[in-house]
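The values are calculated or read from the model by the stated rules, or taken from the named source; none is laboratory data. Quantities reported herein were computed from a predicted structural model and do not represent experimental measurements. When we count neighbours, we look across all protein chains shown, and the Cβ atoms used for this are built from the backbone with ideal geometry, even at glycine. The area values use the complete protein model at the heavy-atom level, side chains included, leaving out ligands, DNA and RNA. Shrake-Rupley method; radii C 1.70, N 1.55, O 1.52, S 1.80 Å.
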Amino acid sequence: MIEYVLKKPYTCEFGTLHEGASMRVMTFNGTPVVFYEGGMVEGGYANILLNLITDKKLHDEYLYDREVIKDKV
């Protein structure tokens, strides 16, 4: 699983996402489920975060990828 971490603050219509915040995306019944700082987000928030992750230009500017190693402390 990949965790996406903000390299710098990102401002959107709902406010500012802070540097160091993390996001994860899982799939449930073929639908992406987005988690921000460990909590599930829905609707407009999820769409903004998915766009940040999938848009190559935004991804490269604002995010870095960190692999989550299962069962490791």
Hand me the list of strands (runs of 3 or more DSSP E) wholly inside the range 2-51 holding 1 or more residues that are over 18 Å from ARG66 (Cα atoms). 10-12, 15-17, 22-28, 31-36, 39-41
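Filter the range 61-73 down to residues that are closer than 17 Å to MET1 by Cβ and in contact (Cβ under 8 Å) with a residue 40 or more places away in the chain, then give me how many there are.
Residues in the range 61-73 being closer than 17 Å to MET1 by Cβ and in contact (Cβ under 8 Å) with a residue 40 or more places away in the chain: 7 in total.
Quick grid of which residues meet (1) open to solvent by 40 Å² or more (accessible area, probe 1.4 Å); (2) over 16 Å from GLU3 (Cβ atoms); (3) modelled with pLDDT under 95; (4) not hydrophobic (A, V, I, L, M, F, W, C):
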residue: GLY15; (1), (2), (3), (4): no, yes, yes, yes
residue: GLU19; (1), (2), (3), (4): yes, no, no, yes
residue: SER22; (1), (2), (3), (4): no, no, no, yes
residue: VAL25; (1), (2), (3), (4): yes, no, no, no
residue: TYR36; (1), (2), (3), (4): yes, no, no, yes
residue: VAL41; (1), (2), (3), (4): no, no, no, no
residue: LEU49; (1), (2), (3), (4): no, no, no, no
residue: THR54; (1), (2), (3), (4): yes, no, no, yes
residue: HIS59; (1), (2), (3), (4): no, no, no, yes
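Residue check: is LEU50 out of contact with any strand residue (DSSP E or B) (no Cβ under 7 Å at 6 or more places or on another chain) and of a type in the set (A, V, I, L, M, F, W, C)?
Details: out of contact with any strand residue (DSSP E or B) (no Cβ under 7 Å at 6 or more places or on another chain): no; of a type in the set (A, V, I, L, M, F, W, C): yes.
No, not satisfied.
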Selection from the range 3-13 of residues open to solvent by 50 Å² or more (accessible area, probe 1.4 Å) and either modelled with pLDDT under 95 or touching a Phe, Trp or Tyr at 6+ places or on another chain (Cβ under 8 Å) (or both) yields LYS7, LYS8, GLU13
